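For reference, the structure discussed in these notes is given below.
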Amino acid sequence: RLSLLALSASALLSALPVFLPSLVPPNLNTSAITDIGFALGAASLAVALQYIHIYAKPLHDALKVTLAVGMTGAAVSMATHNGAALSAAVDEPRTLLLTGWAFVAATGLFFKEGICFGR
């Protein structure tokens, strides 16, 4: 559960420059903040998927594959846009088809937790 908390905190970190720009120092690169938040969130999600128990093995494997595809897509996006995944998504919205799979994995995991624990 700590990894899910870390995933939520990283989403908050990534959204900070967008929703509360006054809290971000002006000399700080906002794209770097969101990219760090995305990387921390993906790492937290990978840990959660490693240790969480899902009875349906094909579903568990599918979540792992979607995360791997999303992270590979993020790496490709960052490589083609000078290390900035956020600017890649802004400049070329089709790159979301690459990185979006990581969010599919997160949504699937949160849906599973919601069903199992009713929260």
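The values are calculated or read from the model by the stated rules, or taken from the named source; none is laboratory data. Remember, predicted model here, so these are calculated numbers, not experimental data. Heads up, the Cβs are rebuilt from the backbone with ideal geometry, glycines too, and the neighbour counts pull from every protein chain shown.
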V65 is checked against (1) without any contact (Cβ under 8 Å) to a residue 12 or more places away in the chain; (2) part of a helix (DSSP H, G or I); (3) closer than 16 Å to T34 by Cα and fails just one. What number does that condition carry? (3)
Could you grab me the full set of residues in segment 81-106 that are loosely packed, with under 13 Cβ neighbours inside 10 Å and either among the β-branched types (V, I, T) or in a loop (DSSP other than H, G, I, E, B) (or both)? N82, V90
Options A6, A74; residue that is at pLDDT 75 or above and over 19 Å from A89 (Cβ atoms): A6
What are the pairs with Cβ atoms under 8 angstrom where one residue, in segment 104-119, is in contact (Cβ under 8 Å) with a residue 12 or more places away in the chain and the other, located anywhere, is of a type in the set (K, R) and part of a loop (DSSP other than H, G, I, E, B)? Sequence gap at least six, or different chains. E113/R119
Checklist (1) within 17 Å of W101 (Cα to Cα); (2) exposed (fewer than 15 other Cβ atoms within 10 Å of the Cβ); (3) touching a helix residue (DSSP H, G or I) at 6+ places or on another chain (Cβ under 7 Å) applied to D61, failing item: (3)
So P17, is it assigned to a helix (DSSP H, G or I), over 16 Å from T107 (Cβ atoms) and in contact with a helix residue (DSSP H, G or I) (Cβ under 9 Å, 6 or more places away or on another chain): yes
